[in-house]
1. Suppose we look only past 15 Å in the calculated P(r) of the stretch 90-156. What percent of the Cα-Cα pairs does that tail hold?
2. Taking the convex hull of the alpha carbon atoms in the stretch 179-241, what volume per residue do you get, in Å³?
3. Rounded, prolate or oblate: which fits the stretch 345-454, taking a ≥ b ≥ c as square roots of the Cα gyration tensor eigenvalues, rounded meaning a/c under 1.5, else prolate when a/b beats b/c?
4. If all Cα-Cα distances of the stretch 333-405 are sorted into 10 Å bins from 0 onward, what percent lands in each bin, rounded to whole numbers?
5. Rounded to the nearest 0.05, what FRET efficiency do Arg312 and Ser69 have when you use their Cβ-Cβ distance and R0 = 22 Å?
6. Order of 179-189, 64-74, 268-278 by packing, highest average Cβ count within 10 Å first?
7. If you average 1/r over all unlike Cα pairs in the stretch 310-357 and invert the result, what Kirkwood radius do you get in angstrom?
8. Using the basic label-point model (7 angstrom from Cα toward the beta carbon), what is the Asp151 to Asn256 distance in nanometres?
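Just so it is clear, none of the values below were taken in a lab; they were calculated from the coordinates. Note that this is a predicted model, so its numbers are computed, not measured. No Cβ is skipped: glycine too gets one built from the backbone with ideal geometry, and neighbour counts run over all protein chains shown.
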Amino acid sequence: MRDRRLFRITGLLLALALVAAACGGDDDTPAPADDDGSDAVADGEDIEITLARFFGDCDETTEGVTDVSEATTECEVIQILTNAFNEEDNGVTVERLGGAVWDQYYTQLSTTFAGGNPPHVAVMHSHRLPDFAGRSLLRPLDDDLAGADIDFADFTEPAQQGAMFEGDIFAVPFDIHGSLWHVNVDLFEQAGLVDDAGDPIMPTSVDELLEQAETIEAETGALYFSQDWFEFAVGARLFLGLVAQQGGDIVDADGNATVNTPEGQEALRVLNELATTASDPSQGYTDSESAFVAGDVAVLHNGTWVVDQYNRQADFNYAALQVPILYDQSGFWGDAHMWVLPDASNEDAVERDASLAFVAFLYENIGSWAAGTGHLANRTSVLTGGELDDAPQRANYADAADTAVFVPAVEGWAGAWDSLADELQATWISDKDPQSALADAEERMNENLGTVTD
């Protein structure tokens, strides 16, 4: 009882610190042995662990629900999975901390570390991993995964790379999410841009892209392209993809920003061409979504997380497709939700075993998460089949899990990414000279990355 009271006090302190925060297993899932060789979770100890996550608040719609097929949002999927784990006779209860607002999550998570009370398990984007692992705040998992029945080799290569820092595994990947081309097939059909099967014809070069834009506007009166042009760095995501399709990188092997390059200049040229001739750069995230769902836009560049929403809302023939290959190779912005174990809260073997048991449960339910959210399953064994067979649109982009381009795994990346987005956006919002914008972006990015030289 003393241990349980201690866990509850710790959970309360963490909940106060983590006011705002931004994805199941069997009874016989073996838990890792603790340091003295015993199976702590299986010994029947009543353990309460804490979970920090974003994905929203949905307690009212998920209370008492354990069937994940009833979920309709990211929040509902992860909360129902948590409910299901808590219902298992495993001696472990997961207590969620604080709120769920993603744009405040990392600030609040850092507060828990600074206060010495981090959660036992936390969700983390792959691009944020270096900033936490680089400060020795996370537990390396190389020696823990086999005992938890987590097969790291089953993850796709992008997922594996996103979970590693300086050669060690620091996270269990949960998905790959990234850019998609959301298409109004009816507008493509009206413009004569469908094949014999009625599927929209995707451009295979920049020239074809711009020709399609002219055709769509002339034949339908609709905009060809839309995206959030200034709120959430969506333009920077497309920039990264277009650079990658040309064989370029936005950071070199030494950690230096490399956006002021021929590939970067070409990618920014295309973005500005789309902004001025085929889109409306005054649209932010909500406006671009509304225009697409209303049927006024042929293509919306957005992510995997909205596939089910658009599939329900669209009154037209909707298709979620991979970003078209306009240059020499595939490439689109990708990221991953992952589960990490803060080191300070998992020093005790019993707590660590409980944390790993929960993460192993989530690992076994990656298919459910992908089916319920639109994100890509990141395990080779569950990319197709099973729960994903009947999930809408998934067959159109399932194999993209192997071709996503993650941002570099370097410390200081969050600030570097914001700097890049600011400078790119200045070219289509305030007519900043593209060459100057790329030069300034590179300088500002290197300041954040700590690679500025005299």
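1. So the portion of pairs separated by more than 15 Å is 65 percent.
2. Numbers: hull volume 6.1 nm³, N = 63.
It comes to 97 Å³ per residue, whole-number rounded.
3. Because a/c hits 1.5 or more and a/b fails to exceed b/c, the stretch 345-454 counts as oblate.
4. Final binned percentages: 18, 42, 25, 14, 1.
5. On the way: r = 16 Å, r/R0 = 0.71.
About 0.90, to the nearest 0.05.
6. 179-189, 268-278, 64-74
7. Averaging 1/r across every pair of different Cα atoms and inverting gives 15.7 Å.
8. 4.3
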